[in-house]
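*Asks:* Sharing a structure with you now.
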Amino acid sequence: MEGVVYVDMDAFYVSCELLRHPELKGGPVAVSADPRGGQGRGVVLSASYEARRFGLRSALPVSQAWTLCPQAVYLPPDFPFYEETSRRVMAFLKERSPLARTFSIDEAAYPARVEGRTEAEREGREVQGAIRGRFGLPCSVGVAPHLTLAKMASDRAKPGGVVVVLPEEVPRFLGPLPVRAVPGVGPVTERALLSREVRTIQELAALSPRELKRLLGSPRPEIVRMVLGESFPSVWPEEEGPRSVGSMSTFDADTEDGEKLARELRDLAGRVGDEVRRRGLRFRTVTLRVRYEDFSQVQRGQTLPQPTERVETLFRVAQGLLRELLRERRGSPASLGATAAPRVPRRIRTLSLTVQGLREIPSGERPLEGFAQGPPGTGGTAGREA
């Protein structure tokens, strides 16, 4: 069959750290902010499978992780090391197939022609063994007749396995999976489906087109069409550009200081703007997300009339969105960066800034530089890692 081999590195950040700390293998390990005896800020970025048995997972507040597993070893992240390790793994996959694509720091895939299950499993085991042998890193591999299916197969293969789905096995593979596995089905839609006792993709496929459209916005999602045998997508879809670029910062202590919020927002705008320009892109939509001390969160966005890569514009729009959020909380205008910063009613824990609506900068045009001078009243320089 014409298929796709999807490689998903297992607990990538932790696996990288175990290369430097082999004595920690077999025990609970997490890459995270400093837990500070349960009083730490930030979240878990990666957890070993031994740590996951205690409930540790990505994005879990590190204070909760400490409560669940104080005996774990908590290591600070070393992003340059992870990025360099990822670059070497992805370069190897490019050697194996020039068509290989990288989807994140720890996921990639490439098309391959394999005849039958034996050859498909051999391809998966070979690439898995080569990554283990060259780099000392574990991974899970899915082989299937379509990119989305191969990704889902790699999820089922975790940790350290190889799962093959042949064309004739697609309905049987997809049918028992939970509805949350359908792309686009989030918590709200999942709850609506569960309330109708629709738990699996097979049960989803049994709904009428009218019910599917009402619940999912489409009478026949791609996965449902595959379960029903109505159609089958191309093996290797056209490559899409990035959908968004963002950065997040968690404060060492919950804050209601307007100047501190403005400085952090400026740093976020600088980091996001640097990445957008590095990729040769412009953005049109800006989204700001705020998480408060009680972990509740709210977001606001704004779409610009025209795409831009200007960091000054990004910062100005983000400032306006933050003022709007604070004004809603307080019922009066906010003044960020002022000498006497107003007090907000609830302290802020995390700021997250994201841009969407990305477009490539036309050939021949040069991207604009970052902050030439700091925006009035902010001071400092951009680029600090969150």
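*Asks:* Let me confirm something: among Val298, Val290, which residue is farther than 23 Å from Arg359 by Cα, touching a Ser or Thr at 6+ places or on another chain (Cβ under 8 Å), touching a residue at least 12 places away in the same chain (Cβ under 8 Å) and among the β-branched types (Val, Ile, Thr)?
*Replies:* Selected residue: Val290, the only one of Val298, Val290 that is farther than 23 Å from Arg359 by Cα, touching a Ser or Thr at 6+ places or on another chain (Cβ under 8 Å), touching a residue at least 12 places away in the same chain (Cβ under 8 Å) and among the β-branched types (Val, Ile, Thr).
*Asks:* Looking at this structure, is Val43 surrounded by fewer than 21 Cβ atoms within 10 Å (Cβ to Cβ), among the aliphatic types (A, V, I, L, M), in contact with a strand residue (DSSP E or B) (Cβ under 9 Å, 6 or more places away or on another chain) and touching a residue at least 40 places away in the same chain (Cβ under 8 Å)? Walk me through how you get there before you give the answer.
*Replies:* On the way: surrounded by fewer than 21 Cβ atoms within 10 Å (Cβ to Cβ): yes; among the aliphatic types (A, V, I, L, M): yes; in contact with a strand residue (DSSP E or B) (Cβ under 9 Å, 6 or more places away or on another chain): yes; touching a residue at least 40 places away in the same chain (Cβ under 8 Å): yes.
Yes; evaluated as a whole, the condition is true for this residue.
*Asks:* Kindly list the number of the only condition in (1) over 23 Å from Phe103 (Cβ atoms); (2) part of a loop (DSSP other than H, G, I, E, B); (3) modelled with pLDDT under 90 that fails for Leu204.
*Replies:* Tallying (1) over 23 Å from Phe103 (Cβ atoms); (2) part of a loop (DSSP other than H, G, I, E, B); (3) modelled with pLDDT under 90, Leu204 fails exactly one: (2).
*Asks:* Does Val5 satisfy being farther than 30 Å from Ala120 by Cα, at pLDDT 95 or above, surrounded by 15 or more Cβ atoms within 10 Å (Cβ to Cβ) and of a type in the set (Val, Ile, Thr)? Step through it out loud before you land on a result.
*Replies:* Details: farther than 30 Å from Ala120 by Cα: no; at pLDDT 95 or above: yes; surrounded by 15 or more Cβ atoms within 10 Å (Cβ to Cβ): yes; of a type in the set (Val, Ile, Thr): yes.
Answer is no for this residue.
*Asks:* Now, a different point. Would you point out which residue out of Ser352, Ser332 is at pLDDT 60 or above and among the small types (Gly, Ala, Ser)?
*Replies:* Details: Ser332 fails: at pLDDT 60 or above.
Sole residue among the options that is at pLDDT 60 or above and among the small types (Gly, Ala, Ser): Ser352.
*Asks:* Failed condition for Ile131, given (1) in contact (Cβ under 8 Å) with a residue 40 or more places away in the chain; (2) out of contact with any Cys (no Cβ under 6 Å at 6 or more places or on another chain), with all others met?
*Replies:* Failed condition: (2).
*Asks:* Further question on the same structure: Yes or no: the range 236-251 includes at least one residue that is modelled with pLDDT under 85 and at positive phi.
*Replies:* no
*Asks:* Given the conditions (1) in the same structural domain as Val224 (by TED's automatic domain parsing); (2) surrounded by fewer than 14 Cβ atoms within 10 Å (Cβ to Cβ); (3) within 24 Å of the chain's Cα centre (by Cα), report the number of the one that Arg180 does not fulfil.
*Replies:* Of the numbered conditions (1) in the same structural domain as Val224 (by TED's automatic domain parsing); (2) surrounded by fewer than 14 Cβ atoms within 10 Å (Cβ to Cβ); (3) within 24 Å of the chain's Cα centre (by Cα), the odd one out for Arg180 is (2).
*Asks:* If I go through the range 272-287 residue by residue, how many of them are touching a residue at least 24 places away in the same chain (Cβ under 8 Å), surrounded by fewer than 18 Cβ atoms within 10 Å (Cβ to Cβ) and among the basic types (Lys, Arg)?
*Replies:* 2
*Asks:* Here is a follow-up. Find the helices (runs of 4 or more DSSP H) located wholly in the range 27-111 whose residues include 1 or more that are of a type in the set (A, V, I, L, M, F, W, C) and under 24 Å from Gly133 (Cα atoms), and list them.
*Replies:* Working: elements: 49-52, 62-68, 79-96.
So the answer is 79-96.
*Asks:* Which of the residues belonging to the range 20-32 are closer than 16 Å to Asp78 by Cα and more than 19 Å from the chain's Cα centre (by Cα)? Talk me through it step by step, then tell me what you get.
*Replies:* So in the range 20-32, the residues closer than 16 Å to Asp78 by Cα come out as 20-21, 29-32.
Arg20, His21, Val29, listed by residue number.
*Asks:* Quickly run through the range 33-83 and pick out the residues that are within 18 Å of the chain's Cα centre (by Cα), over 15 Å from His21 (Cβ atoms) and of a type in the set (Ser, Thr, Tyr).
*Replies:* Ser58
*Asks:* Going by the conditions given, is Ala108 modelled with pLDDT of 90 or more, under 28 Å from Val170 (Cα atoms), of a type outside the set (Ser, Thr, Tyr) and not assigned by TED's automatic domain parsing to the domain that holds Ala253?
*Replies:* On the way: modelled with pLDDT of 90 or more: yes; under 28 Å from Val170 (Cα atoms): yes; of a type outside the set (Ser, Thr, Tyr): yes; not assigned by TED's automatic domain parsing to the domain that holds Ala253: yes.
Considered against the rule, which asks whether it is modelled with pLDDT of 90 or more, under 28 Å from Val170 (Cα atoms), of a type outside the set (Ser, Thr, Tyr) and not assigned by TED's automatic domain parsing to the domain that holds Ala253, Ala108 comes out as yes.
*Asks:* Okay, next question. Just one of (1) under 30 Å from Phe315 (Cα atoms); (2) part of a helix (DSSP H, G or I) trips up Leu193, so point out which.
*Replies:* (1)
*Asks:* Could you check the range 137-172 and list, in sequence order, the residues that are in a loop (DSSP other than H, G, I, E, B) and either more than 30 Å from Leu18 (Cα to Cα) or among the β-branched types (Val, Ile, Thr) (or both)?
*Replies:* Going residue by residue through the range 137-172, those that are in a loop (DSSP other than H, G, I, E, B) are 137-138, 145-146, 158-161, 165-166.
Matches in the range 137-172: Pro145, His146, Val165, Leu166.
*Asks:* With the requirement that a residue be of a type in the set (Val, Ile, Thr), free of Cβ contacts under 8 Å to residues at least 60 places away in the same chain and closer than 19 Å to Thr148 by Cβ, what does the range 192-232 give you?
*Replies:* So in the range 192-232, the residues of a type in the set (Val, Ile, Thr) come out as 198, 200-201, 223-224, 227.
If we keep only those that are free of Cβ contacts under 8 Å to residues at least 60 places away in the same chain too, we end up with 198, 200-201, 224, 227.
Correct list: Thr200, Ile201, Val224, Val227.
*Asks:* Now for a different question. Would you call Asp267 touching a Phe, Trp or Tyr at 6+ places or on another chain (Cβ under 9 Å), surrounded by 14 or more Cβ atoms within 10 Å (Cβ to Cβ) and either modelled with pLDDT of 90 or more or part of a strand (DSSP E or B) (or both)?
*Replies:* Numbers: touching a Phe, Trp or Tyr at 6+ places or on another chain (Cβ under 9 Å): no; surrounded by 14 or more Cβ atoms within 10 Å (Cβ to Cβ): yes; either modelled with pLDDT of 90 or more or part of a strand (DSSP E or B) (or both): yes.
For Asp267, the condition - touching a Phe, Trp or Tyr at 6+ places or on another chain (Cβ under 9 Å), surrounded by 14 or more Cβ atoms within 10 Å (Cβ to Cβ) and either modelled with pLDDT of 90 or more or part of a strand (DSSP E or B) (or both) - is not met.
*Asks:* Let me ask you something else. Which residues, taken from the range 288-310, are hydrophobic (A, V, I, L, M, F, W, C), surrounded by 13 or more Cβ atoms within 10 Å (Cβ to Cβ) and either farther than 16 Å from Ala269 by Cα or modelled with pLDDT under 85 (or both)?
*Replies:* none
*Asks:* Can you pull out every residue in the range 76-92 that is in contact with a helix residue (DSSP H, G or I) (Cβ under 7 Å, 6 or more places away or on another chain) and not hydrophobic (A, V, I, L, M, F, W, C)? I'd like the intermediate steps shown before the answer.
*Replies:* Pass one, the range 76-92, residues in contact with a helix residue (DSSP H, G or I) (Cβ under 7 Å, 6 or more places away or on another chain): 77, 81-82, 85, 88-89, 92.
The answer is Pro77, Tyr82, Thr85, Arg88.
The values are calculated or read from the model by the stated rules, or taken from the named source; none is laboratory data. Keep in mind that this is a model prediction, so the values were computed, not measured. Here Cβ is always computed from backbone atoms with ideal geometry, including for glycine, and neighbour counts include all displayed protein chains.
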